1. What list of ³J(HN,Hα) values in whole Hz, one per residue of the range 442-455 in order, does the Karplus curve 6.51 cos²θ - 1.76 cosθ + 1.60 (θ = phi - 60°) give from phi, with Gly and Pro shown as x?
2. Can you work out ³J(HN,Hα) from phi for every residue in the range 291-305, in order, using Karplus 6.51 cos²θ - 1.76 cosθ + 1.60 and θ = phi - 60°, giving whole Hz and x for Gly and Pro?
3. Quick one: which residues, 5+ away or cross-chain, put their amide H under 5 Å from the amide H of Arg127? H built at 1.01 Å from N.
4. What residues qualify as long-range amide H neighbours of Leu319, i.e. H under 5 Å apart, gap of 5 or more or another chain, H built at 1.01 Å from N?
5. To the nearest 10 square angstrom, what accessible area does Glu387 show with a 1.4 Å probe?
6. Around Pro598, under 14 Å between beta carbons, what's the net of Lys plus Arg minus Asp minus Glu among the other residues?
7. Around Val60, under 12 Å between beta carbons, what's the net of Lys plus Arg minus Asp minus Glu among the other residues?
8. Over 29 Å between Cα atoms: which of Lys33/Lys68; Lys279/Lys544; Lys462/Lys628; Lys429/Lys593; Lys551/Lys620; Lys407/Lys462 fall into that group?
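The values are calculated or read from the model by the stated rules, or taken from the named source; none is laboratory data. None of the values given here were measured: they were computed from a predicted structure. Don't worry about glycine lacking a Cβ; one is built from the backbone with ideal geometry, like all the others, and counts go over all protein chains shown. Protein only, heavy atoms only, side chains kept; ligands, DNA and RNA dropped before computing areas. Shrake-Rupley method; radii C 1.70, N 1.55, O 1.52, S 1.80 Å.
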Amino acid sequence: MKRLPLALVSLLASVAPAAAAVHGYDSLTLDPKGRQIAAVERDTSGEARIVVRAARDGAVLRTYHPCKACGISGLSWSHAGGMLAFVTRDRSRQGATLMVASGASTRVVAAIGGLAANPRFSPDDRRIALLVTLGATKETGAAQAGARQVGEIGEKDDAQQLAIVDVAGAADQAVTPLSPAGRYIYEYDWAPDGRWFAVTSALGNGDANWWVATLGRIDATTGAVTNLARPRMQLNMPRVSPDGRTIAFIGGLMSDFGSIGGDIYTVPMAGGDPVDITKGARRTYTALDWTLGGLRAAMLEGDRMGAVAVQPDAAARVLFALPVTLSAGDGRIAWDERGTTMASVVQDFTHAPAIYAGAATAPRQITHDNDAEPAAVRAQSVTWTNEGYTAQGWLLSPLTPPAPGTKAPMIVSVHGGPAAASTPRFLPKGLSSVLPDAGYYVFLPNPRGSYGQGEAFTAANKRDFGGGDLRDILAGIDAVEKVAPIDDARLGLTGCSYGGFMAMWANTQTDRFKAIVAGAGLSNWVSYYGTNGINTWMIPFFGKSVYDDYKAYEDVSAVYHVKRAKTPTFIYVGERDIEVPPTQSVEWYQALKSQGVPVSLVIYPDAGHCAPTAAADISKRQLDWFGKYLNAARPEVAQ
């Protein structure tokens, strides 16, 4: 369970949208020759537009305004580089529109009666494939607000299917799904001959069944499905080799679709057992492309993200690595067809997003819209060891340090997942920086179970939720207190989703925290198993369903240990959260009330996972809560 893939999944960022003053770059893509970059950009007005820039120096070549009030997504270049496909959507109306930009103009290719995503040109540029959800009842993804559960449950689920349209077709051409009904398509990649697709898919409800998705092939004419592999892990980003003989994908223990992390596997086009070609790597691969120059991957290794060249029969070669967060439209890095030129949106805690591009070994900054944005925090990476593991985290410090001889309170913010990581995201002044602005230090630990240290590290919390990972976090606090003036008597704890579970669970395991804010947390894994919309995610972590191993689920349920809970807790959750239903928060609220523990619960109407639409109110309430229980104490004099 997560808020954002490989992001700062903490109360600082998960509830705080970017400030309007920060220039945004979304859906970034690089043309096959490596000469032009396109991105959806937003300035202080907030209006979205497509900007095409020269990859050499960032000069603006063209700008498209396809619609005034709509959202734009899915930018994708044609193979010849002369056309740009994208999807527009006006949320005040039903449906989406597939469009193509060429030269100075844009035109409608097809209208979709529902949702549409990920348009991609066929190898001959005559067709466009895309994922469509006709008659959708909710936004795509389990983190979105769920459709209300009324009527006969399970009778009808949204189905995301693969469709193909003609580039030269009339604007009113019918969009008919190619893939069969009842099979949810998560991702796809064209074969180089245009005759088939590699896909990840699952039967039934798409939100619930990604964790058991399989790798397959779909015929581009008939829609017939051929299963190629049924991996024992989760898989993302199927990529077909330039010769069409092999499919690569990222496979590993993953807790959320879109929160990508694992090793790189290959499978013959005819099918077979996946082969791990990066086995034993002490890094997490987070995105993948197959270029004419070989496989190119994005990775997280400790506190650094970067690019790696991978060959099945040779050691992986790191091209660059920096303490930043990378992002692009389809993965974290956009590549040219040869795999020698790249582009990405780069940011860290103190530098606002900018586009970097150029040689894969030395990309350079080519946009400067945000250069004047002031930093809201100071940041440093902290590394520590515990029980044979090396863990890493980030310490964010207020711009104004505590007075000499005094110490400051600190909030520990646990990321969601658990298979995820806190990585550097720019925190603009305002809603994102309320805690540092109020004088708090903020610690973002990446304990065992996180990405960044290899698959063994990610899998280290199997059947051990709230065990080794909590001990890693407590050891991380000790490490932070050696390098910063932290008042150990004024520690707060927060997190959402899995971080919310940790916030609830820690209340029963330690008295080190004096105030807790728990967002969309899990208090009872037994009742959660039967009431959430994604319960297949737990099998890889627990090994069995709750009905086959009640004790494993009871042992890590906070409600079974509530008599040990003493810490005042503010709880928030979205009314229509299907990842972690609000009943989990209600159970914990009632349990704490029964023990006389100060507690507050807010359920936000119509909100989804972690209630992002209520960011401002959550920010105010959590600041008040921490202020009440942490700042009441007199600052401790440093010894």
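1. 10, 10, 10, x, 10, x, 3, x, 8, 7, x, 10, x, 5
2. 3J(HN,Hα) across the range 291-305, in whole Hz: 9, 4, x, x, 6, 10, 10, 9, 8, 10, 10, x, 9, 10, 9.
3. Residues meeting the amide H criterion: Ser122, Val167.
4. Here the answer is Ala307, Val308, Ala309, since their amide H atoms fall under 5 Å of that of Leu319.
5. Rounded to the nearest 10, the figure is 100 Å².
6. Surrounding charge for Pro598 is +4.
7. Values: positive: Arg49, Arg53, Arg62; negative: Glu41, Asp57, Asp369.
Local net charge: 0.
8. Checking Cα-Cα distances, Lys33/Lys68; Lys462/Lys628; Lys429/Lys593; Lys551/Lys620; Lys407/Lys462 exceed 29 Å.
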